[in-house]
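Okay, so here's the structure we're looking at.
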Amino acid sequence: MRKRILPLYLITLLLVGCNLDEHPRDQIPEEQAYTNAHDLFMNTVATLYNYIGGNTDGQGLQGTGRGVYDLQTFSSDEAMLPIRGGDWYDGGMWETMYMHSWDDGLELHNNAWLYLYKVINLCNHSLEELEHHQNMLTKMQYTEYNAEVRALRAIYYWYLLDLFARVPIITTSQASMRYVQQSNRTQVFRFVIDELLKVCDHLMPDNSVKPGDYYGRVTRPVALFVLAKLMLNAEVYLDDDWTDKERPDGSQIRFQIDNQTMNAWEATIYYCEEIKRYGFLLEKSLITNFMVRNEQSNENIWVIPMDKDLYRTQNCNMLRSLHYRHAAAYGFTGENGTSATKRVLEIFDYNTDQEDNRFKFFYWAGVVEDLDGNPILDRTGKPLVYYPDKVAKDLSNSPFVETAGARMQKYTIDKNGTKDGKLTDNDIVLFRLADVYLMEAEAKFRNGEGGQDEYNAIRDRANMPRRPISLQNLLDERLLELCWEGWRRQDLIRFGQFKSLYEGEDIEPVIDESDGHTTVFPIPGDILKLNENLTQNPGY
């Protein structure tokens, strides 16, 4: 699918009571967009993939800031945005994420809600147009296109489920936020699963990472991955009162799959095994998955396609982390912001004899050099050095204000990147097989079936000594393997370890989150004002 995707014409967002600011100059009337089967596909299915990534704040599943990815990452113990003097205070937003002291007015919550429902509304519109114009399609085409759009919509509802729990289920583009009804978490969970199960067999079995007609699209392996995630987190997603300190037992939750009754862990294992049937393999080198032109990865399952000559989709994650001079050495613009927390250093055994081999691949630490091996100088003319263990919530009065914290180094530098390095040819990795191995290992362990072999496979690939499987080792391994990939918040919640980052003797909890209310974000206040049928999540 390495081609420009046409924009979707005449888009409105009645859901949030406003119009999208999308009026391309080459826009044509909507009735001209559906004159034949090819145009119908391009303007109902293909166009939706313009929105998986983004080029402005709050848009896209990954690659941009102040949206979905930031909620999943900076509320966890994986990464932080320290206050660096006059930089990164941002009205206290990042400190709020660090301390879990957010309320319903936080920009990140509002951005994520609006973005996710925007794409859902576009999917609803596409489904309506496909049905209205299905006479242009063969029966097989209509079935496949309908399935793909419904699967994509289900994935976006999964993100809403994970972040906000109690959300409206809307299946028409003509709905107004003023009248929609709120569903509880169980209802949303069941809706997502039912939608994926209904369409999964109608999705194409093709690999969506390799260049071709299905590059970047939702194919059957992508849907199977989401089903595995849903089953793995079923204890969380089926808990409609997450503040009572009780949760369903995954071994007692039942699903009917292929005429078999399975508990949540068995269902997770089933879908992980199904994914493996599609030929994905763990790469010998982990970096293969994140290198420039990583379309040849045999491990990646779903990506956001990146091509600086074809797409406007940006990846800002690494540039948000690099020191100004560090990025400048590559000809880019760095923001000197995000860094690893001290908890990350502990899990990676940083600067010890047991340091995990993956640390040097995922983080810059110590003396920094350019791509030719020359030392990079800081703004005082001295060699630039990152000090991972000097990171703190507020570095304003620290001598390490610009240099504290290990920085993101997960994607290979594309030295030919453009737009200050934001446009590169490294596809952004959303799903990959290593996660499948870790999901299966966890599900087997929780179900009393071992899981050591799958756990060993990840440790072996990293050339790290094997460890006995345990819940804590599995949680740690997920960070060691999947850091910066947007899973940490979800993992901590599932393992019952989601809490604010009280790092340092001078930091005291500012809220009581012992009831678990922060495991779900508040419904944005602006959304509540639009519809009196919606109520706020407990604890806010």
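The values are calculated or read from the model by the stated rules, or taken from the named source; none is laboratory data. What you see is a predicted model; the values in this text were computed from it and never measured. When we count neighbours, we look across all protein chains shown, and the Cβ atoms used for this are built from the backbone with ideal geometry, even at glycine. Areas reflect the complete protein model, heavy atoms only, side chains present, ligands, DNA and RNA absent. Shrake-Rupley method; radii C 1.70, N 1.55, O 1.52, S 1.80 Å.
The figures follow:
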| item | result |
| --- | --- |
| Residue count, the range 417-450 (criterion: of a type in the set (Ser, Thr, Tyr) and open to solvent by 20 Å² or more (accessible area, probe 1.4 Å)) | 2 |
| Selection within the range 273-323 - touching a residue at least 40 places away in the same chain (Cβ under 8 Å) and of a type in the set (Lys, Arg) | LYS276, LYS284, ARG293, LYS308, ARG312, ARG320 |
| Single unsatisfied condition, VAL236 versus (1) open to solvent by 10 Å² or more (accessible area, probe 1.4 Å); (2) over 23 Å from TYR540 (Cα atoms) | (2) |
| Residue list for the range 347-373, filter: over 23 Å from the mean Cα position of the chain (by Cα), in a loop (DSSP other than H, G, I, E, B) and touching a residue at least 12 places away in the same chain (Cβ under 8 Å) | TYR350, ASN351, ASP356, ASN357, ALA365, VAL368, ASP370, LEU371 |
| Scan of the range 524-540 for residues that are of a type in the set (A, V, I, L, M) and either open to solvent by 50 Å² or more (accessible area, probe 1.4 Å) or not in a loop (DSSP other than H, G, I, E, B) (or both), ordered by number | ILE527, LEU528, LEU530 |
| Matching entry among VAL344, VAL368 (being closer than 25 Å to MET93 by Cβ, aliphatic (A, V, I, L, M) and in contact with a Leu (Cβ under 9 Å, 6 or more places away or on another chain)) | VAL344 |
| Residue match in the range 460-483 (condition: outside any loop (DSSP other than H, G, I, E, B), modelled with pLDDT of 95 or more, among the charged types (D, E, K, R) and more than 22 Å from the chain's Cα centre (by Cα)) | yes |
| Where CYS123 falls short, out of the listed (1) closer than 29 Å to PRO205 by Cα; (2) surrounded by fewer than 16 Cβ atoms within 10 Å (Cβ to Cβ) | (2) |
| Residue count, the range 321-331 (criterion: crowded, with 22+ Cβ neighbours inside 10 Å and not small (Gly, Ala, Ser)) | 3 |
| Residue check, LEU203 under 16 Å from ILE275 (Cα atoms), open to solvent by less than 10 Å² (accessible area, probe 1.4 Å) and either under 17 Å from the mean Cα position of the chain (by Cα) or not hydrophobic (A, V, I, L, M, F, W, C) (or both) | no |
| Qualifying position, being in a helix (DSSP H, G or I) and in contact with a Lys or Arg (Cβ under 7 Å, 6 or more places away or on another chain), among GLU274, GLU295, GLU266, GLU335 | GLU295 |
| Among (1) modelled with pLDDT of 95 or more; (2) of a type in the set (D, E, K, R); (3) under 26 Å from the mean Cα position of the chain (by Cα) - the single one LYS393 does not satisfy | (1) |
| In the range 401-430, residue farthest from the chain's Cα centre (by Cα) [restricted to those that are closer than 29 Å to LYS390 by Cβ and of a type in the set (D, E, K, R)] | GLU402 |
| Residues that are under 25 Å from ASP460 (Cα atoms), in a strand (DSSP E or B) and of a type in the set (A, V, I, L, M), drawn from the range 401-449 | MET408, ILE428, VAL429, LEU430 |
| Tally of residues being open to solvent by less than 20 Å² (accessible area, probe 1.4 Å) and hydrophobic (A, V, I, L, M, F, W, C) across the range 346-376 | 6 |
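Let's see how each residue does on (1) open to solvent by 20 Å² or more (accessible area, probe 1.4 Å); (2) modelled with pLDDT under 95; (3) hydroxyl-bearing (Ser, Thr, Tyr):
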residue	(1), (2), (3)
MET42	no, no, no
THR47	no, no, yes
TYR51	yes, no, yes
THR56	yes, no, yes
ASP70	no, no, no
PHE74	no, no, no
